[in-house]
Amino acid sequence: MARRRWNPTLHPRDRKGRFTRSATKIMDAAAKARAQQIADGFKPRRGVAGPRAGDYLNSISTRRGGRGSDAVGRFFTDRDTFQQVQQALRAGRDDDPLVRELDAAEVELPDDLVVSRRVPAAMFGDVPVEDLAGMQVRDAAYSPVSLATVRGNATDVRMRIAVPAGTRALVSPDTGELALDRDLDMAVTSVERNPAGGWDMYLVVLPRENTGIPGRRSSGGGRGAAAEPQAADDADGFRAQLMRMRVPELRQQARDRGLRPGRARKSQLVDMIVADEFGNAGSDRGGEGQDGRSGTVPQAGPGVGVPAGGSDAAGADQRGGGEGRDLGAAAAAGTPGGGGAGAAADQPGPAGPAQSHQQRVDAAAADIRAAVADLAPPGDYIMLSRVRKRLGDRYTRDEVDDALRMLAGEPDFVLVPESNQKALSDEERAGAIVYGAQTRHLIANIAPQQTPIRQLTTAELTRELEGSDPLRVTQARAELQRRQRQRELEQELSTAGIRRTEEIRAELRRLANEPLPTSPDPDLVASSEPDTPEPAAAADPDATPASPDTTGASAAPEGAQPEPAAPDTSPYRPGRDVTGDADLLERALDATGRHRGSADPLMGGLSEQLGFDGLPEHGDPARLDQEIDAGGIELWRGVQPHTTGSGQTKSAQSMVDDYRNGPVFYGFGTVGNGVYTSNRRETAEQYGGGPDGAVQRIVLRADARTIDSQQLAELHERWQAENPDGPLVLADPGRFAMALGYDAIIRDLSAEGFGSDERYVVVLNRTATLVEADSPRAPLAERVRGGVVRRETLSGGQNARTELVTFADGSRGVFKAAKTIEGTSARDQQDAEELAAKVMQAVGLKAPEVYRPSARRVYMDYVEGRVAATLPREGFRVVPGSYNEDQYLLMGLADTIIENYDRNIGNWIVGDNGDIYPIDHGFAFHSFGQRYSRPEEAPRHVDKPSGVFSKPWPNLGEWADNDMAPEDIAVIRRRLENLRPEFERLGHPDWFEAMMTRLNHVAEHATGTRRRVI
């Protein structure tokens, strides 16, 4: 027999040559298949690296209960503790108390993640790193990793690890780090050399054996592991194991199984999972409902059975065929034992197989849906007592109550209290339910509302053209034409002269406020009418066709058309009670990172989930007065400049503009967080007075849902007493009122004995308000001629006198007066400023508008945003993810062709949505007096945006292949050719020729395929 060759990769050693408990083996076919399956379905979560890492990990630890362990903090911050744990585990000592504490603090990762790790190549001993490809490795210790991509070097191995959702890990929000669970199997899919001379190793975390769930320990592993499938005769042991788990863990396991946990209690969750694992043989404590014939479990339909714990693939288990494995699908269809729509309203169905509580709740919910639809039209409220009467005695009171709470968490149903409770009968009071700290008497099925035309994407508008509503089709057609015209004008803007630019901007402002049609096109109305049936071929052509049956209806005059209903173009999004919707509140917590500009990011996240952060209705003063006459409340808001949580300082006017068209700002307040306003303008002027302040007029809709501040305080206090460990999102009264579905909080000072008719109104739902439409801003030249009312000197100014100016209309700009420096005249600098702005716009960037009243003075539009120098960065390079990376490449292209070597991190601004605004181009087209002496050379500053177009040292000055698409280069070339007259007008045809020469070199090396220029 041939002797097997020694393979050192199968016997890993530590740095001192000792064998470790870690294992390495060649992947078998099953492991390869598992790795491929994970890779095929892998959808990594984006945007969690860099400055967002701490927020993301904090949301995980908050949601999964992984906070508060001192051991975790010491593991990540104390080197001695780290080495003690890792060495103990690799030596096989997992009974260390510190290890047990860390095991208990692990959390499950809710998302697929790509993480990085860097280890010395020496850790692999004499084993060539490339030989590890195709191996299955396991580290007995924890694996510290980073959410950010680590840099490679010549001596280390950089690992890129695909981690599926469900993998257990230690997380440290304070340091932004995490460590993957110990004893994890990973598949090494490939090993490659990286540009730094080291190695890049790509790995996939493999799920635990037997569970099919990543990161779960096998049965009996403890440490909060998921309960494992048991033998059919061990249902009681399986149930006992589940009962030792916490409710969040049970909910997650139910979701992993494809079940819908909703707001089920712990015992209900256990019933669901046991029933899913064993069928009815393991549910209801003791196997009630087991048929006993040949070991089968009856289905919802008579005479159908499958083996206990039957296969989902066969579709034959008792869960029914409803989407999401709806346990009540069969009952909803009126099958025996379900008492659904097919059964008489006052007669229970025949006895069927025993069902778990959750199955009964799902069946009751289906019957409630049918009853509400039968008793009232969509949108109308109906007493719960009538619904209970319709259900009869088919369900217990608890089953109906749980079904109602489940429906209240769905977007189409709402439970509300009766406002006039003195008029309630005893039966109506008895039919009520306590939900979200309130007694609710009424239920309504809110008919789905169509999304306003202006909020649809272009693809959605195109689909609307195939709809059956003539008015909707007409409006979609008009909106598509409006957007097409806007795109044409924006493209023309990049190449237009000064006079044409002003005309285009005026046309764009008109298009922005152009109303939608209020009546359908006549041809659409005609085509939507039903065709008159043609007489049979054998009929007498002169005979009068029989009139249709019009019993009970009056005939309309010939040729008359029904008056079209006025379209509902309001953006109003009514609220609903979500205080019991744990999933939505979790999503609100996850969304806080997108609302750092608000004083209360938690409220921003909740408003996003409810749609309350949508835009208000825009109207002229007459429209606002009309709403006030209908019962709306006129409000006034005063604001001062504010520095956001992200470090950006916003002017008062910018905050007013944001409420109208941008992100909503929720502030702190005594009766609850929100947008504070008053019904008295004088109060708003006290807050928004002075040269830096601003006052805004707002109208709260007449049909807005409001709550008195004192009533809210009592409700919130009672809720907190009943829910001492309630979610953080509901800790503030304002967020609590928002979660109850209210649009605003009203504090009436007269009711509090202050002798004043003033009311403070805290707006929660911006879509429930109206504001005056944004008045078109005059072109920059016109605003400059209108006069400057205020000037502030800006920092810097080594090369020019720079001021922040405020114009007579309240808008702001930047004034710059250049001076000769390093041989470059003031006139040339301002020529460069003016021409570079046009080049930036031609490339596709949002460079501020420039107006030049004299040779050495220019005015530019002021841009709200953060200077790049204030963003997270590594050295002088801003960390990707905090700006639009496509625009960053375009800025590098523009800087390359105009030879702008002054693009430092103080010379570009990033807006709230990541858009880049390039500024300061006085030294473009020349470098300290040196004109384009060698336009054939590539840029030599590799640390700037333009550096990607040049090869690295020692080949600086040579052109490198770039990611620009040749089609984009062709578009840019046509736009730049249109700028030739501008260069000649200012006496710089040489600048233009050198610019086009450099563009030619870029085009020769353009190898990209993705388009970036619109």
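Brief remarks follow.
- Here region 692-771 carries DSSP beta bridges of which approximately 75% are antiparallel, counting only pairs with both residues inside.
- More than 15 angstrom apart: percent of Cα pairs within region 586-645: 64 percent
- Electrostatic bookkeeping for ILE746 treats Lys and Arg as +1 and Asp and Glu as -1; over the other residues with beta carbon under 9 Å from its beta carbon, the sum is 0.
- Region 77-102 and region 163-207 have their alpha-carbon centroids 20 Å apart.
- Between region 956-1014 and region 415-436, the C-alpha centres lie 71 angstrom from each other.
- Each peptide in 31-42, 596-607 receives the mean, over its residues, of other Cβ atoms within 10 Å, and ordering these scores from highest gives 596-607, 31-42.
- Taking amide H atoms as placed 1.01 Å from N in the peptide plane, the amide H of ALA704 has no partner under 5 Å among residues 5 or more positions away or on other chains.
- Counting only protein chain heavy atoms and rolling a 1.4 Å probe, the accessible areas of LYS422, LYS846, LYS816, LYS266 rank, largest first, as LYS422, LYS846, LYS266, LYS816.
- Check: region 606-717 dipole with +1 on Lys, Arg Cβ and -1 on Asp, Glu Cβ, in debye: 240 debye
- Protection proxy ranking, peptides 855-868, 882-895, 963-976, average beta carbon neighbours within 10 Å, highest first: 882-895, 855-868, 963-976
- 24 Å Cα-Cα threshold exceeded, pairs from LYS846/LYS951; LYS650/LYS816; LYS389/LYS422; LYS838/LYS944; LYS846/LYS944; LYS43/LYS944: LYS846/LYS951; LYS43/LYS944
The values are calculated or read from the model by the stated rules, or taken from the named source; none is laboratory data. Here the structure is a predicted model, which means the values were calculated and not measured. Glycine also receives a Cβ, built like all others from the backbone with ideal geometry; neighbour counts cover every protein chain displayed. Keep in mind that these areas ignore ligands, DNA and RNA; they rest on the heavy atoms of the full protein, side chains included. Shrake-Rupley method; radii C 1.70, N 1.55, O 1.52, S 1.80 Å.
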